[in-house]
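The next block holds one structure in the form of structure tokens; read it before the comments.
Read-outs throughout are calculated quantities, based only on the coordinates presented, and are distinct from any laboratory measurement. Note that the structure is predicted; figures quoted are calculated from it, not measured. Don't worry about glycine lacking a Cβ; one is built from the backbone with ideal geometry, like all the others, and counts go over all protein chains shown.
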Amino acid sequence: MRCRALLLILVFILAVGLFPIVAEINNFHDADVDRDGIISLAELLRVIQFYNSGAYHACPEVGTEDGFCCGVAGGGEMEMPPMIIRQPDDLTVNEGQAVSLTVVAVGNNLRYQWCRRNHCPLCKIYLPVDNPTAQSPTLSWPQISLEDDDYYFCYVDNDTGSVMTRNAELRVNADTQTRK
């Protein structure tokens with residue numbers, strides 16, 4: 001009984017003590033690109049890349065926990081290579097539905113190009129998607145068709161680098177109601 005009471009007191013003290021830390025997480029470090037409060041390995045490697053290029057510098061006015069930030073010292077904007085924050089998801093949809101594949105990337109002056117495998121499982125060549133939204137972060141179809149069933153990826157680039165998303169599988173099921 002004493003152990004249980006001590007344990008409850010300890011849990012209460014920890015909960016009350018940690019609450020202010022959790023509540024004040026709105027001051028993110030400049031390296032925390034996706035603003036989740038955690039600097040991932042990809043974000044850390046990005047900082048190392050900036051540091052090696054001389055673009056990670058002291059900026060105490062920003063108020064980051066270490067007093068450093070990414071960019072050109074003394075102001076100005078540095079061209080940063082693209083980094084994918086969120087990959088497109090695999091989707092299984094019914095023919096005729098509105099569908100979107102989305103990539104979330106960060107960097108300056110980003111350009112997007114969606115490509116597809118074009119129903120060739122052994123091919124290593126992907127073709128640009130013929131769609132009005134193929135050069136944007138979101139590839140959309142107002143009404144998906146069976147011919148759109150394929151693997152898709154997005155090539156994201158700018159003047160300092162490029163990156164590709166994973167292959168997202170888009171499976172389109174036949175609409176049995178209209179085919180009867």
(request) For Asn118 and Asp89, calculate 0.36 nm times their separation in residues minus their Cα-Cα distance, and state this gained length in nm to one decimal. (result) 8.6 nm
(request) Sort the following peptides by mean Cβ neighbour count (other Cβ atoms within 10 Å, averaged over residues), highest first: 170-176, 98-104. (result) 98-104, 170-176
(request) Give me the number: length gained by fully extending Gln97 to Gln135, i.e. 0.36 nm times residue separation minus the C-alpha to C-alpha distance, one decimal in nm. (result) 11.6 nm
